[in-house]
Every structure is written in C-alpha cells, then in structure tokens.
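Quick notes on the structure that follows.
The values are calculated or read from the model by the stated rules, or taken from the named source; none is laboratory data. Note that the coordinates shown come from a computational prediction; the quantities given were computed from them, not determined experimentally. Every residue, glycine among them, receives a Cβ derived from its backbone with ideal geometry; neighbour counts consider all protein chains shown. Heads up: the accessible areas ignore ligands, DNA and RNA and are worked out on the full protein's heavy atoms, side chains in. Shrake-Rupley method; radii C 1.70, N 1.55, O 1.52, S 1.80 Å.
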Amino acid sequence: MTDLSYDPGITGLLVVDPYNDFISEGGKIWPRIQAVAEANNCVQHMQQVLQAAREAKIPVFFAMHHRYRPGDYESWKYIAPVQRAAWQRKSFEYGTWGGQFKAEFVPAAGEIVASEHWCSSGFANTDLDLQLKRQGIHRLIVIGLIAHTCIEATVRFAAELGYDVTVVKDAVADYSDEMMHAALEINMPNYASAIVAAKDIVEALSEIQPVAHAAQ
C-alpha cells in the first residue's frame, strides 16, 4: 500500500509553473489546456494542496519556467522543439502579466523560488536540488503544469537524484486526455512512488501534528 504519511522535516511541496499564461483566463497557453484543467479541477486542486502544505508547515518550493526576454535563443546553435515553441509564442514573457505568478500562487514569505529552467526539468541547470538539500528535503509532492513535459521531466530527474516523489494527478493538466494518460499512467509510474488524488494528499497533510515548541 502506498505510504501517504509525510514527515514535514524531510518533505517539500514542489509547485511547477503556476504562471498566468498557463492557468489564468486570458493566458497564452490556457486555451490549450482549459478543457483538461477544468475537467479535473486542476487549478482548484493545486490551491487546495498548496494551502494544506502551508497549514502543515511543509516547506514550499517553486520551479518556474524561463520567462521569455528579447534575444532569447537567437544565438543558440541547437534549440529543442519545446524551446522553439516557447520562443515563437513568447511564453511567460518577462515583465508582462502572463509571466507573473497567478495571484493565488504567489510565494509566501520564506518559500523558495528556484532559478528558472530553460527546458522542461525543474532540476536541469537550476539550483533546485541545492535548495532542497539545504533544507534536508528528500520527499517531494509535485503539482503544476504540464503533465507530459515539465512535470514528467522534473519527476524523472528527481528520481535520478534520489528523491521519493508523489504526483498529485488531479493537480496537473495537459493539452489532451491522451497526453495526460501517457504521462500519468504509462510514464511517471516508473519514477513516482505514488500518483494520487488531491483529496488524499490534503487528508494526509491534515494529519500532520504541529511541532511542539519548548516553553520559553
């Protein structure tokens, strides 16, 4: 049976790419994921898991995609297709509304925003691994966008680095049901120890007992 007990001393919540362009009405990419995201209440479940983690005093980390800036990629000899698409669309453009955190996911004081990833993995060429290890984190609960790209790549990389990973299946979204199926039911079960619903994570986090502080 999957172990859904989480020690706040070693567990972190990782929120991937909660940009307006992804999950807000009017965002550049929202129309492409809207049907899937609304079908599983992705954004609401992301909020519920984030709130539960904060209440349980689970450290929160954000893995954010590189925000487009003029001149990006122009001198690169090789550009991955996913990067070329981001370049053409000017996804998450720096200094614009689309490149800002959706209001409900703005980091709270003390929460850590890792350096931005250029492709899909939140770990590749960023300081995320360092930030997690500095706090003694080696179990991750992962939510965010997109299931078959940034979520899957981040989960795979986390497993390679030795992290135990839980993916919240209805707190992620994708461009189609087929892509969600491939990511959550074919690919990620090879790397994530648990792929569970938001209600199960919220319940598990609600059972964490507050740490007692010694009397002053």
Which of the residues belonging to region 183-208 are surrounded by 16 or more Cβ atoms within 10 Å (Cβ to Cβ), modelled with pLDDT of 95 or more and over 18 Å from the mean Cα position of the chain (by Cα)?
ALA204
What is the number of the single condition among (1) open to solvent by 60 Å² or more (accessible area, probe 1.4 Å); (2) free of Cβ contacts under 8 Å to residues at least 40 places away in the same chain that ARG54 does not meet?
(2)
The listed residue being under 24 Å from ILE33 (Cα atoms) and touching a Gly at 6+ places or on another chain (Cβ under 7 Å), out of ILE146, ILE137, ILE151
ILE151
Tell me yes or no: at least one residue of region 58-67 is at pLDDT 95 or above, closer than 14 Å to ALA173 by Cβ and either in a loop (DSSP other than H, G, I, E, B) or open to solvent by less than 20 Å² (accessible area, probe 1.4 Å) (or both).
no
Name the single residue, out of those in region 116-150 being within 17 Å of PRO59 (Cα to Cα) and among the polar types (S, T, N, Q), that is least open to solvent (accessible area, probe 1.4 Å).
GLN131
